[in-house]
Amino acid sequence: MKYVALVYYQESLINAMSEQAWHDLNQECVAGVERLSAHGHYLAGQALQPVDTATTVRKRNGETLIADGPFAETKEQLAGFYLLDAHDLNEALQLAGRIPPARFGTIEVRPVRELPPRDNPGPTYY
């Protein structure tokens, strides 16, 4: 089964790290991905740029609204994600507990919901 592990932490804590501590944390993450991959659990993932680079898009009453920054202010910011393959939720939680930034914030684990097939397959336009 597929699970997404969303990594949240307070950017202020990360920004206060020394350059060496930040480098070491990133190296821990790289090693963690290698371990997950070696055991067939890592499907995809990415770290995100800081929240001040975010742009929010909403559609209301047929109008597209664009705003700088995140939609809501929170204590912890979304920093990245891991897409995991696990037998069940318990295994996904064990894997998420090994994600290094869990020491600084929160890892939210959610099952992936597959979309149903399209009713009338035909050309797709973007």
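Applying the condition of being at pLDDT 95 or above and open to solvent by less than 70 Å² (accessible area, probe 1.4 Å) to the range 10-19 and asking which residue is nearest to the chain's Cα centre (by Cα) yields M17. Annotation note: Cβ proximity below 8 Å between a residue of the range 108-124 that is at pLDDT below 90 and in a loop (DSSP other than H, G, I, E, B) and a residue that is among the hydrophobic types (A, V, I, L, M, F, W, C) and open to solvent by less than 90 Å² (accessible area, probe 1.4 Å) (sequence gap 6+ or interchain) occurs for no pair. Consider the range 106-126 and keep the residues that are open to solvent by 40 Å² or more (accessible area, probe 1.4 Å) and under 20 Å from the mean Cα position of the chain (by Cα). The one that is nearest to L6 (Cα to Cα) is E108. Of the residues making up the range 73-105, those that are modelled with pLDDT under 95, open to solvent by 50 Å² or more (accessible area, probe 1.4 Å) and part of a strand (DSSP E or B) number 1.
Identification of strands (runs of 3 or more DSSP E) wholly contained in the range 1-72 with 1 or more residues that are free of Cβ contacts under 8 Å to residues at least 12 places away in the same chain yields 55-60, 63-68.
The values are calculated or read from the model by the stated rules, or taken from the named source; none is laboratory data. Please read these numbers as outputs of a predicted model, since none were measured by experiment. Cβ: placed from backbone, ideal geometry, glycine included. Neighbour counts: every protein chain shown. Only protein heavy atoms, including side chains, enter the accessible area calculation; ligands, DNA and RNA are left aside. Shrake-Rupley method; radii C 1.70, N 1.55, O 1.52, S 1.80 Å.
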